[in-house]
Structures are given as C-alpha cells and as structure tokens.
Amino acid sequence: MTAKQKIRCILIDDEAPALDELHYLLSEFNDIEIIRTATSATQGIKLIQEEEPDLVFLDIQMPGKNGFHVLQEIMQFPNPPLVIFATAYDEYALRAFEENAVDYILKPFSQERISKSLERVRCLLFANCTEKIEVPNMNALLSGMGLGHNVLRISVEGNGRILLLEPADVILCKMEDRKIMVYTAEDIFPCYGDKTLDKLEERLQGQPFFKANRGELVNLTHVRDFAPWFNGKYVLTMNNIQENEVIISKGRVKSFRERLGLA
C-alpha cells in the first residue's frame, strides 16, 4: 500500500479509556494513521477543519454538543471526512445511519468489528472493492445482533398504572427523597424504572435535556427564561404550571450556554 493510501484518522471521545482503547486497536492496522485526538465535540470540529482527515471515529454521547451535532457541522465543510460512530447504546445505531455515517461500532470495541468497518472505509475511499457498498438494512442488522428498536419513553406511575410519556412532554426530572419525580406541564409523577438521574440522562442522549445540577435534569425546550444568580450560577424558570426555578451549578454554566448556542 502506498503512502497516498494511508487513511488519515481523527478520534473524538470525551472518555480517556475509550480513546486509549480505540487508539490501541487501530494501531494494529498498517494503513491507519492517527493524526490527532480530541476529547470534546468543539475541539474535534476544530481539528477536523484544520487537518481535513479521511476518517473520523466519533463518540455520540458527549457533554454539550454530541456526535450528531459534530456531524451536522462538519458536513458543511468543503471536504468532509467519512465518519464511524462509536456508541455504548444500540438505540443510536439507526439514527447514526440516517445521519450519513459510514458505520457504527458498539462499545466495548472489538478488533474484528473495527476491521469490518475499515473495509467499508477502504472501499469508499479507494474504490477497490468488488461490490458496491451500501448502507445495510438496519432492521435486519439490529435483529441479527439480537437488538430491537427502542421506543424512547419516560415511564411514570399514575393512578395505579404505568404511563409512558413522550420526552417532549417532560419539563423537569428532579431527585426528591431518593426518587426521581417527573414534572409535566400540569402534573408531577414518580418515575418508574430509572433509579438515578445519570441513567435517565444516558437514555435521553440526543434529546434536549440538560443536567443543571446533581439533582435536576431539565428539558431545554421548556425553559421560559434564565438569569445570572449568586456565585457564578444561573437560575432558570420552567414553563410549567408551578413555574419551577432550577439552579444551574457554576461548573455547568458553560455547558448550558454552549447548548443554547451562546458560548
């Protein structure tokens, strides 16, 4: 393989262990040249613009901008790279293909799966494959993996039944007495199933939810207004009937501004 056929690659993941593992596995392939790594979406976009790589391995779940935001931005570049999404959650697989990714790999990574992804990349970059590469039928692929389509709902308890709420209808999720309480426009329900805000936040990746502090997860589309508060914090007012006020901790203010495009 000539030097011109080296695949110049950038890795983007906010978790150092995952970044190190992927770097190690890719180092086994002679035609892969890892030119830079990034630990945030913003840094990754900047590196892609500067380096113009052939290929990007892109984490989906990152604070602030996620992998889909990165893809949306870099597709506006004159020479956008090929993208392979990396995710720990299979429900993102279908959307990854809908968003023009070449492939996706599930964490923890395997050498065999990465090798298959790279074969797709080589075909697309160098047109040296015998068959036309097409995006696979995701229904068949997920079924073959033993995975199904996950319908994203927030389960709550109400009147002796389990209600399934659309994420868009949820204003705020709040820890109260070691239980998550889910606020809608007019009601408050105990959450059913999810035990911690961290787990609930993971399931809601890609949705407009933001963890304002250790105990409150807000839907940004339902923030009525916000203002600076004491000690570098912000206070939000939600647009539900209770007009709940939520404090954004000082360490989360920058991420909040980035999510709203104010940074």
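The values are calculated or read from the model by the stated rules, or taken from the named source; none is laboratory data. Quick caveat: nothing in here was measured; it's all calculated off a predicted structure. Positions of Cβ are generated from backbone atoms using ideal geometry, with glycine treated the same way; all protein chains shown enter the neighbour counts. Protein only, heavy atoms only, side chains kept; ligands, DNA and RNA dropped before computing areas. Shrake-Rupley method; radii C 1.70, N 1.55, O 1.52, S 1.80 Å.
For the listed peptides 51-58, 246-253, a ranking on the average number of other beta carbons within 10 Å per residue, highest first, reads 51-58, 246-253. When only alpha carbons are used to place a centre, the range 10-35 and the range 47-63 end up 12 Å from one another.
Close amide-amide hydrogen proximity is noted between Ile7 and Ile32, Glu33, each under 5 Å apart and 5 or more residues distant or on a separate chain (H modeled in the peptide plane; Pro and chain starts excluded). Coupling constants for the range 239-254 follow from the phi torsions by the Karplus curve (6.51 cos²θ - 1.76 cosθ + 1.60, θ = phi - 60°), and in residue order they are 9, 8, 5, 7, 6, 4, 9, 10, 8, 8, 4, 3, x, 9, 4, 4 Hz; glycine and proline get x. Backbone phi angles across the range 207-215, fed through the Karplus curve with coefficients 6.51, -1.76 and 1.60 (θ = phi - 60°), yield HN-Hα couplings of 9, x, 9, 9, 7, 6, 7, 4, x Hz in residue order; Gly and Pro are listed as x.
Accessible area per residue for the range 146-261, computed on protein heavy atoms with a 1.4 Å probe, is 57 Å². Taking amide H as placed 1.01 Å from N in the peptide plane, the amide H of Tyr192 sits under 5 Å from that of Ser155, Val156, Glu157, each at least 5 places away or on another chain.
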